[in-house]
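Chemist: My structure is below; once you've seen it, I'll send some questions.
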Amino acid sequence: MNTLQYYISCFTSMNCNKYRGQVAPHKAMMLIAVMEETANCHITNGFVPHNDRMVKAFECAWRRYVGESSVFNPAFATPFYHLSNEPFWKLMKSDCYVEKKEYSLGALRESFYGAKLPDDLCQYMAESASRQRLKRALLDKFVPNWNDNENTWMVAESEIEYSNSDKKQSFRMVA
C-alpha cells in the first residue's frame, strides 16, 4: 500500500502542459472532480467513468477553482486521457480501442471504458482528512490564486444535479 504522501508527491509532480507561463490546471481539476464524486459516493470502486455526470463534476470543479481563464479551456477529454501518463491512472481499453495522440470526448468514450485508480488512492479520496490534503496539494500547486474558504472545499451534489437539469430543460426548450 502506498502512503498518502506518495500520492501527494505524485499529484504535485504531474507532467502538465504550460502555456504563456502558466501550468495547465486540467489534470488537477479532473482529480478534484474524481475526489468529489468519490465523496458523494458516485465513485466507489476506483473505476472513473467518462459519463455525463463526470463531465459535469469536472466542469463544476473548473468553475469553482479556476473560473474564467484567458489561457485555458475546461476540456474534459484532454486530462482524462493524459492522466494515463501518471502512475496512478490506468485507462481501461474497450474492444473498439483506436490508438490516437488526442481524443475528443466521443472518441475517448469509444476507445476506453473509463479509468481505474489504485485501491489505496480510492481509500484516501474517500476519507475526508486525506481528501482535503490531496485537494489542497493540487490547488496550491496548480491553481496558485485559489480562494481558500470553506465554501469551496466541496462541489455540492445539488450543483451537479442542477447543472444536469438545466441541460435537460434546455433540450426541452429546443425540442
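The values are calculated or read from the model by the stated rules, or taken from the named source; none is laboratory data. Just so it is clear, the model here is predicted, and its values are computed rather than measured. Cβ: placed from backbone, ideal geometry, glycine included. Neighbour counts: every protein chain shown. To get the accessible areas, we keep the full protein, side chains included, count just its heavy atoms, and leave off ligands, DNA and RNA. Shrake-Rupley method; radii C 1.70, N 1.55, O 1.52, S 1.80 Å.
Chemist: What are the pairs, 6+ residues apart or on separate chains, where a residue within segment 9-24 that is more than 16 Å from Tyr81 (Cα to Cα) and without any contact (Cβ under 8 Å) to a residue 40 or more places away in the chain has its Cβ under 9 Å from a residue that is surrounded by 14 or more Cβ atoms within 10 Å (Cβ to Cβ) and among the hydrophobic types (A, V, I, L, M, F, W, C)?
Modeler: From segment 9-24, the pairs are Ser9/Ala137; Lys18/Ala24.
Chemist: Provide a single number: the residues in segment 101-115 that are assigned to a strand (DSSP E or B) and open to solvent by 50 Å² or more (accessible area, probe 1.4 Å).
Modeler: 1
Chemist: Within the set of pairs 6+ apart or on separate chains, which have a first residue in segment 139-154 that is within 14 Å of Val23 (Cα to Cα) and assigned to a helix (DSSP H, G or I), a second that is modelled with pLDDT of 60 or more and not acidic (Asp, Glu), and C-beta atoms under 6 Å apart?
Modeler: Leu139/Trp146; Lys141/Thr12; Phe142/Val23; Phe142/Pro25; Phe142/Ala28
Chemist: Give all pairs with beta carbons closer than 8 Å in which a residue from segment 69-88 that is part of a loop (DSSP other than H, G, I, E, B) meets a residue that is exposed (fewer than 12 other Cβ atoms within 10 Å of the Cβ); count only pairs at least 6 apart in sequence or on separate chains.
Modeler: Pairs found: Val71/Tyr19; Val71/Arg20; Phe72/Tyr19; Glu86/Asn15.
Chemist: Taking Glu127 as meeting all but one of (1) of a type outside the set (Val, Ile, Thr); (2) farther than 12 Å from Phe11 by Cβ; (3) at pLDDT 95 or above; (4) within 17 Å of the chain's Cα centre (by Cα), write down the number of the exception.
Modeler: Glu127 satisfies every listed condition except (4).
Chemist: Which condition number in (1) modelled with pLDDT of 95 or more; (2) in a loop (DSSP other than H, G, I, E, B); (3) of a type outside the set (Asp, Glu); (4) within 20 Å of Arg133 (Cβ to Cβ) is the one that His50 fails?
Modeler: Evaluating His50 over (1) modelled with pLDDT of 95 or more; (2) in a loop (DSSP other than H, G, I, E, B); (3) of a type outside the set (Asp, Glu); (4) within 20 Å of Arg133 (Cβ to Cβ) leaves (4) as the failure.
Chemist: Can you find even one residue in segment 65-75 that is of a type in the set (D, E, K, R), more than 22 Å from Cys10 (Cα to Cα) and open to solvent by 10 Å² or more (accessible area, probe 1.4 Å)?
Modeler: Scanning segment 65-75, I find at least one residue that is of a type in the set (D, E, K, R), more than 22 Å from Cys10 (Cα to Cα) and open to solvent by 10 Å² or more (accessible area, probe 1.4 Å), so the answer is yes.
Chemist: For Val98, state whether it is part of a loop (DSSP other than H, G, I, E, B) and out of contact with any helix residue (DSSP H, G or I) (no Cβ under 9 Å at 6 or more places or on another chain).
Modeler: Taking the combined requirement at face value, the residue does not satisfy it.
Chemist: Sticking with this structure for a sec: Looking only at residues in segment 89-98 that are open to solvent by 90 Å² or more (accessible area, probe 1.4 Å) and touching a residue at least 12 places away in the same chain (Cβ under 8 Å), which one is nearest to the chain's Cα centre (by Cα)?
Modeler: Among those residues, the one meeting the criterion is Lys90.
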